[in-house]
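Input: a single structure, listed below in structure tokens.
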Amino acid sequence: MSEELPEGDSSVRRTPPTVAVVDAQAPGNVGTIARAMKNFGFEDLLLVDPPELDPDGEAYGFAGHAREDILPNATEVSFDHLAENYHTIGCTAVTNEDDRSHVRYPFSTPAELADRLPTVEAPTALVFGRERVGLTNEELARIDEICSIPASADYPVLNLGQAATITLYELQSVTLTDDETQLPDLERTRAAEPTLDRMYDQWADLLEEINHPEEKRDKTMRMLRRVYGRADLTEGEANTLLGLLRRATERPADQ
């Protein structure tokens, strides 16, 4: 673990945000957070009063490939350093619901933060607290803004590692572009209109072949157009359905 950064260090990047963990008790949670950072494109990990992070222990065991860079490069800092050098976003499950107190109010969800963070003109740190009590009111009073994950009112408190993983997932749009994920190109090409028209014609033939009531055919065809219109069929999907409809239309004549 490296030495504490000097005050006002200018090398801290504005984006992606830094992740800070305050007084975690379980090394495994620190490893889990490091792994989530690696999953979703975050790189800089700051630790306030961390547990012992033994390279042969739980933290490195939970960190996956983050054991190679994020975890060994984590920097131990003070809470004062966080408050004085970053735009801090404190993550908490417990919020006040009105404007009579501003310790835990107002707050944003992680999804709302994803829309705003690119506009923040300062080095930013996402701050996660202890497993049992999270961030204290005294710490939250020094935080610039609050983030909270929507959860069941009956049990909104998440495990530290879970809370960080959910938050970082929601913020991945700040760190990763579409071509930097493992997912294939998600852009779909809608089937050409002539293909769709042939499919609709085949539907009309099938309705006639099965003696669907003539007075209902126009309404049925409108319904089918609406259903397929919402589906945005690809060329391959439309051709497959067209082939099935042809076989279904021809089958009664074979009997």
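The values are calculated or read from the model by the stated rules, or taken from the named source; none is laboratory data. Quantities reported herein were computed from a predicted structural model and do not represent experimental measurements. Because the Cβ atoms are built from the backbone with ideal geometry, glycine has one as well, and the counts that use them run over all protein chains shown.
Filter segment 117-155 down to the residues that are under 18 Å from the mean Cα position of the chain (by Cα) and modelled with pLDDT under 85, then identify the one that is surrounded by the most Cβ atoms within 10 Å (Cβ to Cβ). So, considering only residues that are under 18 Å from the mean Cα position of the chain (by Cα) and modelled with pLDDT under 85, the one surrounded by the most Cβ atoms within 10 Å (Cβ to Cβ) is Leu117.
Can you name every residue in segment 20-50 that is among the polar types (S, T, N, Q) and surrounded by 20 or more Cβ atoms within 10 Å (Cβ to Cβ)?
The initial filter retains those residues of segment 20-50 that are among the polar types (S, T, N, Q), namely 25, 29, 32, 39.
Asn29, Thr32, listed by residue number.
For segment 111-154, enumerate the residues that are touching an Asp or Glu at 6+ places or on another chain (Cβ under 6 Å) and within 25 Å of Ser78 (Cα to Cα). Arg130 - this is the single residue of segment 111-154 that is touching an Asp or Glu at 6+ places or on another chain (Cβ under 6 Å) and within 25 Å of Ser78 (Cα to Cα). Scanning segment 202-235 for residues that are in contact (Cβ under 8 Å) with a residue 24 or more places away in the chain and either closer than 22 Å to Ala192 by Cα or not in a helix (DSSP H, G or I) (or both) yields Gln202, Trp203, Asp205, Leu206, Ile210, Leu224, Arg225, Tyr228, Asp232, Leu233, Thr234, Glu235. Could you list, in sequence order, all residues of segment 158-201 that are at pLDDT below 90, part of a loop (DSSP other than H, G, I, E, B) and closer than 30 Å to Pro17 by Cβ? Passing the criteria: Leu158, Leu176, Thr177, Thr181, Gln182, Leu183, Pro184, Asp185, Leu186, Glu187. Only one of the numbered conditions (1) modelled with pLDDT of 95 or more; (2) crowded, with 21+ Cβ neighbours inside 10 Å; (3) in contact with a Lys or Arg (Cβ under 9 Å, 6 or more places away or on another chain) is not met by Ala74, and that is (3).
Among the residues of segment 11-37, which ones are basic (Lys, Arg) and modelled with pLDDT of 95 or more?
Step one: list which residues in segment 11-37 are basic (Lys, Arg), which gives 13-14, 35.
The one that is basic (Lys, Arg) and modelled with pLDDT of 95 or more: Arg35.
Can you tell me which residues in segment 112-137 are among the hydroxyl-bearing types (Ser, Thr, Tyr) and either in contact with a Pro (Cβ under 8 Å, 6 or more places away or on another chain) or closer than 22 Å to Gly161 by Cβ (or both)?
Step one: list which residues in segment 112-137 are among the hydroxyl-bearing types (Ser, Thr, Tyr), which gives 119, 124, 136.
Thr124, Thr136, listed by residue number.
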